[in-house]
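Written below as structure tokens is the structure these notes are about.
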Amino acid sequence: MKTRLLIILALSLNSLPALAEIVVVTNPANPATRMLPDQVAQFFLGGSTIFTPLDHAKDSSLHKEFYEKVIKKSPSQVEAIWAKASFSGKGSPPKEFSNDAAIKKAVAAEPTALAYIDKASVDSSVKVLLTVP
């Protein structure tokens with residue numbers, strides 16, 4: 001009986017989607033070499049305009065994981081912050097992209113871009129500033 005339960009547990013764990021290893025990236029021409037999570041949060045919450053943050057679509061699992069791990073807020077809390085900023089004319093939320101490939105293309109075209117992607121998608125079109133623990 002124990003063996004059967006262990007097999008069922010092992011099979012169910014294997015069917016769970018693996019969490020991505022998230023990295024924060026910028027354009028390779030950008031002089032920045034690394035960034036701390038608090039700094040990343042500042043840009044993604046509108047606290048600074050030195051970088052242009054680019055976002056994954058709200059329904060993306062990467063979006064939710066990024067905001068919870070790096071920004072330390074739920075996506076709904078972030079939406080509320082941006083709604084208030086937009087309403088008061090103090091900024092607008094980051095532009096959303098559907099996948100890592102679209103984000104990498106946008107980052108390659110904008111020297112001040114700041115985005116997050118799955119580490120497996122990293123190539124020479126982006127420079128990694130932070131690996132999310």
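A few comments on the model shown:
- Of everything in the stretch 88-98 that is surrounded by 15 or more Cβ atoms within 10 Å (Cβ to Cβ) and not acidic (Asp, Glu), the residue that is farthest from LYS58 (Cα to Cα) is GLY91.
- Every listed requirement among (1) farther than 16 Å from MET35 by Cβ; (2) at pLDDT below 95; (3) surrounded by fewer than 18 Cβ atoms within 10 Å (Cβ to Cβ) is met by VAL78 save one, (3).
- In the stretch 44-54, the residue that is nearest to LYS95 (Cα to Cα) out of those that are surrounded by 18 or more Cβ atoms within 10 Å (Cβ to Cβ) and among the hydrophobic types (A, V, I, L, M, F, W, C) is LEU54.
- Screening the candidates ALA85, ALA57, ALA115, ALA41 for the property of being loosely packed, with under 15 Cβ neighbours inside 10 Å and not hydroxyl-bearing (Ser, Thr, Tyr) yields one hit, ALA57.
- Residue tally, condition over 11 Å from ALA29 (Cβ atoms), among the small types (Gly, Ala, Ser) and out of contact with any Lys or Arg (no Cβ under 9 Å at 6 or more places or on another chain), over the stretch 110-132: 2
The values are calculated or read from the model by the stated rules, or taken from the named source; none is laboratory data. All values derive from a computational prediction rather than experimental measurement. All Cβ positions, glycine included, derive from the backbone under ideal geometry; neighbour counts span all protein chains shown.
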